[in-house]
Amino acid sequence: QVQLVESGGGLVQPGGSLRLSCAASGSIFRLYTMAWYRQAPGKQRELVAVISSGGSTNSADSVKGRFTISRDNAKNTVYLQMNSLKPEDTAVYYCNAVAVKSGGTMPQNYWGQGTQVTVSS
């Protein structure tokens, strides 16, 4: 199996910064796209940012210029640097990865357990 473990969430004041990390572990043959999603109370889960195995990135319009996604392929880890945080960024942030597990042939979708980010004064 492939496990994703997020860290770095917490409470921050508006205008502050946080850095989320997500480490993939387990029986990984190959990691493809990694991404961050978020889900606020009463809302649907939405894509925040995505990064390919080659480093190409894309992000939601609502976070462009404030959030940066990056990855360290040697560590199977993806990061989300969040700057200029706003109260509307408050949500549970989930890590997502598309991977082929050892012994497998088909890419599968994997999710982390989520980490809470609260932006409030």
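The values are calculated or read from the model by the stated rules, or taken from the named source; none is laboratory data. Keep in mind that this is a model prediction, so the values were computed, not measured. Note that each Cβ is placed from the backbone with ideal geometry, even for glycine, and that neighbours are counted across all protein chains shown. What goes into the accessible areas is simple: the full protein's heavy atoms, side chains included, and nothing from ligands, DNA or RNA. Shrake-Rupley method; radii C 1.70, N 1.55, O 1.52, S 1.80 Å.
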* Grab every C-alpha pair in the stretch 1-94, bin the distances at 10 angstrom width from 0 up to the longest one, and report whole percents. => 16, 50, 29, 6, 0
* Can you work out the accessible area per residue across the chain, with the rest of the protein chains kept in place, probe 1.4 Å, in square angstrom? => 53 Å²
* Around V63: net Lys/Arg minus Asp/Glu count, Cβ-Cβ under 12 Å -> 0
* To do: Using the Karplus curve 6.51 cos²θ - 1.76 cosθ + 1.60 with θ = phi - 60°, work out ³J(HN,Hα) for each residue of the stretch 83-98 in order, rounded to whole Hz, and write x for Gly and Pro.
  => 10, 6, 5, 10, x, 6, 7, 4, 4, 8, 9, 10, 8, 9, 9, 9
* Asked: Comparing M106, M82, M34, which has the greatest mean-square fluctuation in the GNM of the chain with Cα pairs linked when under 10 Å apart?
  -> M106
* **Lys, Arg +1 and Asp, Glu -1 on Cβ, resulting dipole of the chain about Cα centre, debye, nearest 20** => 140 debye
* To do: State the answer as a single residue: which of V98, G8, F67 lies farthest towards the positive end of the charge dipole of the chain, with beta carbon charges of +1 for Lys and Arg and -1 for Asp and Glu, about the Cα centre.
  => V98
* To do: Show which lysines lie in cross-link reach of K64 when reach means a straight Cα distance below 22 angstrom and same-chain residues fewer than eight apart are skipped.
  => K43, K86
* To do: Putting +1 on Lys and Arg Cβ atoms and -1 on Asp and Glu Cβ atoms, find which of N109, A40, F29 reaches farthest to the positive end of the dipole of the stretch 22-111.
  => F29
* **Residue of G42, G26, G15 that the Gaussian network model of the chain assigns the largest fluctuation, springs spanning Cα pairs under 10 Å** => G42
* Structure fact -> Per-residue accessible area, 1.4 Å probe, largest first, puts D89, D72 in the order D72, D89
* Asked: In a GNM of the chain with a 10 Å cut-off on Cα contacts, which of V12, V50, V78 has the highest mean-square fluctuation?
  -> V12
* Structure fact -> Cross-link reach from K101 to lysines, straight Cα distance under 21 Å and at least 8 residues apart if same chain, gives K75
* Structure fact -> Rounded to a whole %, the carbon-and-sulfur portion of the accessible area of the chain at a 1.4 Å probe is 47 percent
* Structure fact -> Residue span S121 to S62: 0.36 nm per residue of separation minus Cα-Cα distance leaves a gain in nm of 19.2 nm
